[in-house]
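What follows is a set of notes on a single structure, which appears directly below.
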Amino acid sequence: METTSTPTHCPYCALQCGMNITPLPQGGVEVTERADFPVNRGALCGKGRTAPAVLSSAVRLTSPLVRSGGRLVPAAWGDALDLIAERLGAARERYGPDALGVFGGGGLTNEKAYTLGKFARVVLGTSQIDYNGRFCMSSAAAAGTKAFGLDRGLPFPLEDIPRTGCVILVGSNLAETMPPSLRFFSELRENGGTLIVVDPRRTKTAEQADLHLAPRPGTDLALALGLLHLVVAEGRTDEAYIQERTTGWEEARAAAMAHWPEYVERITGVSVPQLREAVRLFCEPESAMVLTARGPEQQAKGTDTVGAWINLCLATGRAGRPLSGYGCLTGQGNGQGGREHGQKADQLPGYRKLDDPAARRHVAEVWGVDPDSLPGPGRSAYELLDALGTDIRTLLLMGSNPVVSAPRAAHIEERLRSLDFLAVADVVLSETAELADVVLPVTQWAEETGTTTSLEGRVLLRRQAIAPPPDVRSDLHVLHELAARLGVEKGFPTDPEEVFEELRRASAGGPADYSGITYRRLAEENGVFWPCPATTGVTDEDGEDGEDGEDTVLDALPDDPAGDTESAVPDVHPGTPRLFLDRFATEDGRARFVAVAHRASAEEPDAEYPLLLTTGRVVSQYQSGAQTRRVAELNAAAPGPFVELHPRLAARLGADEGDPLAVVSRRGRAVAPARITTAIRPDTVFMPFHWPGEGRANTLTNPALDPTSRMPEFKVCAVRVEAVRPV
Ligand SMILES: Nc1nc2c(c(=O)[nH]1)N[C@H]1C(S)=C(S)[C@@H](COP(=O)(O)OP(=O)(O)OC[C@H]3O[C@@H](n4cnc5c(=O)[nH]c(N)nc54)[C@H](O)[C@@H]3O)O[C@H]1N2
Ligand SMILES: Nc1nc2c(c(=O)[nH]1)N[C@H]1C(S)=C(S)[C@@H](COP(=O)(O)OP(=O)(O)OC[C@H]3O[C@@H](n4cnc5c(=O)[nH]c(N)nc54)[C@H](O)[C@@H]3O)O[C@H]1N2
Ligand code: SF4
Ligand SMILES: [Mo]
């Protein structure tokens, strides 16, 4: 492999920070600054900086493992793949295709997510595929689609943030979860704009805010409705905008008016003067934004909650206008692209719907199959995991570690154990891989090429910088080999660019249209924002235009209005950094209000479980920790779980800093040391979810699902906390 440095992107979060990777003469690689990528301008958080440690880690997987005599033992690739194909084939024979489950991840590149979805539908013929993005931003995606007709996390680049007047950041702790992005908010404040943070905890992010609202977990819906009530009562609505660009205002207004400020104060614990101050800060400037993250979204009413925040934007004319809008801060490295290309239960590539006949025809033609052979929509992530060992007999898992990250995790662990057969492709022996019958060692980010789509909707090229270890193969190789063994010789290439070329055709004319994007463009430009249709049409193999006459969402979208994405290649679509400036992507071009009302969380405190548990992240660990718990520097900074609680609650329990506490919910019991701080409400405790074992937060969480998005309620459940007495 060459020894020069390669510009690429971080393997972890959706910011997809740019970095250079340089192989070192003594082996290993060095991460160096890459200042040309505008999102991070060279800055990296500790996770990104130390990501190479996982490449050279002694505990990374370097050979396939097959269970034998109860233990996982090294095996040859051919044998491991034969075994998987044989077991999947046998289960299909015996129980039918829907007994074969597939589970993917939002960290997988577009090429992998696309191929995994195609593999499930074309090779296995199963409807039972979903992925961990369901646990991430699915509520925001559902609400965005409802309101705007299209879900792209941010409808504008992050670079717009410093120039708006006010940002309300709802349930995002980006100072820990996307540290380099904090710069945009500091610049906002330097420019005279204001930042409002809504979080039950006074987080590092909340400390940066001009106003911090600390609602009781699970009450963001009431909070947003209370703010809208005040907007109306204070005459701050934008009537002309509502008339011209929206529908459904009367119903939404009536619903909001039932949420009097005093009533909202009682539900949320946010005082009326604070509500008024928030409305003033949001409404006075010419432009403003609302950004949500997992706080309000990971609730059994997440879709309605995000809908209520969008209502606030619409009523004040703050969507689809320059420097104004609603956005969701998507989380995983390819959290955006991962939800567009078909690993989701109800979806086909290009953000098409699996139950749409025109979409089925288009994609079936690209895949060279009969549209009627494509299965229908399957179960959502939690429901799929919950069905393991009953309806679903085998599982192929790529890019997730549900033993740590799924809600009600002890139950899901037991479901995984009850499978007839589990195959896991991973880079390390995750807690889920430990349960597998076959484990396949796959290449990591710096050892392979692929595209990701960042939280801005910017499609990026992650380039291979180094050669993988000898006995490690790519996920695409795994799917190619399994397809061949299951009788499908063609259509599963191992070359990512070849996959991307097909993805372009499959996405052409769909909402997330990538047909005008090529690897060459991605290499020459700093990414391209979708939608980016091909200006001349993408040619199918049979020589016909990829477009099949469906209505394209592009009819509803302006060309790059700011004109700031100059293409190096003439006569190509420049991509679309900013959406909705002329019209929304709905049929009539108008944004839709939703009429929603406050409702309680699925589980409210009672005498037995008097407190609320909420969960989230710390800066030095990533997700289930499968990767970051293998990095010494990160482990030193964040060695294990903890229970964050208020001094008053600690005093009541007789607990001192560091004392072990048992947190008990209806699902189970977890034990972790106390971390006492006035930064949390006295009625709430917080646990990060990055660790397995005794301190696993997800032993406690409630799998109550949002009726629309099927998102579990990670952010609220009822618990009691007990001091653990030495025996
Ligand atoms: N260090 C690190 N960074 C990450 C990740 C990681 O694991 N570690 N994961 C990435 C991924 S996939 C994601 S999805 C993002 C997540 O990024 P964030 O959404 O910023 O992360 P969380 O910590 O889950 O939740 C954010 C905040 O929500 C608050 N919260 C809890 N309950 C409520 C509530 O009811 N209402 C409101 N308004 N707020 C509430 C929590 O106190 C927390 O501070 O981070 C990405 N970046
Ligand atoms: N209590 C609680 N639980 C939560 C959340 C919360 O806020 N609170 N947040 C939820 C959210 S937002 C998310 S996104 C999920 C995430 O939780 P998980 O889905 O468990 O995500 P990761 O830990 O990133 O798991 C990725 C796994 O895939 C492996 N991997 C990485 N790259 C690749 C690749 O290219 N190919 C393959 N085959 N494997 C790869 C990693 O080593 C790791 O084992 O957790 C959810 N769980
Ligand atoms: S903020 Fe996210 S993308 Fe940037 S270096 Fe950290 S983990 Fe990587
Ligand atoms: Mo996420």
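Some points to look at:
- Checked against the criterion of being within 16 Å of ligand 3 (Cβ to nearest atom) and either of a type in the set (S, T, Y) or at pLDDT 95 or above (or both), the candidates L158, L124 yield just one match: L158.
- Hits in the range 1-20 - residues which are more than 16 Å from ligand 2 (Cβ to nearest atom) and either closer than 15 Å to T453 by Cα or modelled with pLDDT of 90 or more (or both): S5, T6, P7, C17, G18, M19, N20
- Of all residues in the range 346-366, those satisfying the criterion of being surrounded by fewer than 24 Cβ atoms within 10 Å (Cβ to Cβ) and part of a loop (DSSP other than H, G, I, E, B) are D346, L354, D355, D356.
- Meets criteria (away from ligand 3 (no atom under 16 Å from the Cβ), in contact with a helix residue (DSSP H, G or I) (Cβ under 8 Å, 6 or more places away or on another chain) and over 30 Å from R253 (Cβ atoms)) for Y351: yes
Residues checked against (1) more than 30 Å from T518 (Cβ to Cβ); (2) of a type in the set (A, V, I, L, M, F, W, C):
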site	(1), (2)
L55	no, yes
G70	yes, no
A76	yes, yes
D98	yes, no
V102	no, yes
Y114	no, no
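- From A278, A300, A255, residue being at pLDDT 95 or above and within 16 Å of ligand 2 (Cβ to nearest atom): A300
- Residue identified as within 15 Å of ligand 1 (Cβ to nearest atom) and either of a type in the set (K, R) or in a helix (DSSP H, G or I) (or both) among L188, L169, L154, L182: L182
- Scanning the range 603-622 for residues that are part of a loop (DSSP other than H, G, I, E, B) and open to solvent by less than 40 Å² (accessible area, probe 1.4 Å) yields E603, Y609, V618, S620, Q621, Y622.
- Residue list for the range 294-315, filter: open to solvent by 10 Å² or more (accessible area, probe 1.4 Å) and either hydrophobic (A, V, I, L, M, F, W, C) or more than 26 Å from R458 (Cα to Cα) (or both): A300, D304
- Check on R725, away from ligand 3 (no atom under 16 Å from the Cβ), modelled with pLDDT of 95 or more and not aliphatic (A, V, I, L, M): no
- Within the range 142-177, being touching a Lys or Arg at 6+ places or on another chain (Cβ under 7 Å), open to solvent by 10 Å² or more (accessible area, probe 1.4 Å) and among the small types (G, A, S) holds for G171, A175.
- Checking each residue in the range 271-290 for being crowded, with 24+ Cβ neighbours inside 10 Å and not in a helix (DSSP H, G or I) picks out A288, M289, V290.
- Residues (within 15 Å of ligand 4 (Cβ to nearest atom) and not small (G, A, S)) located in the range 164-184: N173, L174, E176, T177, M178
- Residues of the range 178-197 satisfying the condition of being open to solvent by less than 30 Å² (accessible area, probe 1.4 Å) and touching a helix residue (DSSP H, G or I) at 6+ places or on another chain (Cβ under 7 Å): S181, F184, F185, L188, T194, L195, I196, V197
One line per residue, one yes/no per condition, for (1) under 19 Å from G457 (Cα atoms); (2) within 16 Å of ligand 2 (Cβ to nearest atom):
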{"position": "A120", "(1), (2)": "no, yes"}
{"position": "T126", "(1), (2)": "no, no"}
{"position": "I129", "(1), (2)": "no, yes"}
{"position": "S138", "(1), (2)": "yes, yes"}
{"position": "A141", "(1), (2)": "yes, yes"}
{"position": "K146", "(1), (2)": "yes, no"}
{"position": "L154", "(1), (2)": "yes, no"}
{"position": "E159", "(1), (2)": "yes, no"}
{"position": "T164", "(1), (2)": "no, no"}
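Listed here are the residues, each with its yes/no results for (1) touching a residue at least 24 places away in the same chain (Cβ under 8 Å); (2) within 16 Å of ligand 1 (Cβ to nearest atom).
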| position | (1), (2) |
| --- | --- |
| G399 | yes, yes |
| R415 | yes, no |
| F421 | yes, no |
| V424 | yes, no |
| L429 | yes, no |
| V439 | yes, no |
| S454 | yes, yes |
| A467 | yes, no |
| A484 | no, no |
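- Tally of residues being away from ligand 2 (no atom under 16 Å from the Cβ), at negative phi, part of a loop (DSSP other than H, G, I, E, B) and open to solvent by less than 20 Å² (accessible area, probe 1.4 Å) across the range 574-602: 8
The values are calculated or read from the model by the stated rules, or taken from the named source; none is laboratory data. What you are looking at is a predicted structure, and each value in this text was computed from that prediction instead of being measured. In this analysis, Cβ positions are derived from the backbone assuming ideal geometry, glycine residues included, and neighbour counts consider all displayed protein chains. Heads up: the accessible areas ignore ligands, DNA and RNA and are worked out on the full protein's heavy atoms, side chains in. Shrake-Rupley method; radii C 1.70, N 1.55, O 1.52, S 1.80 Å.
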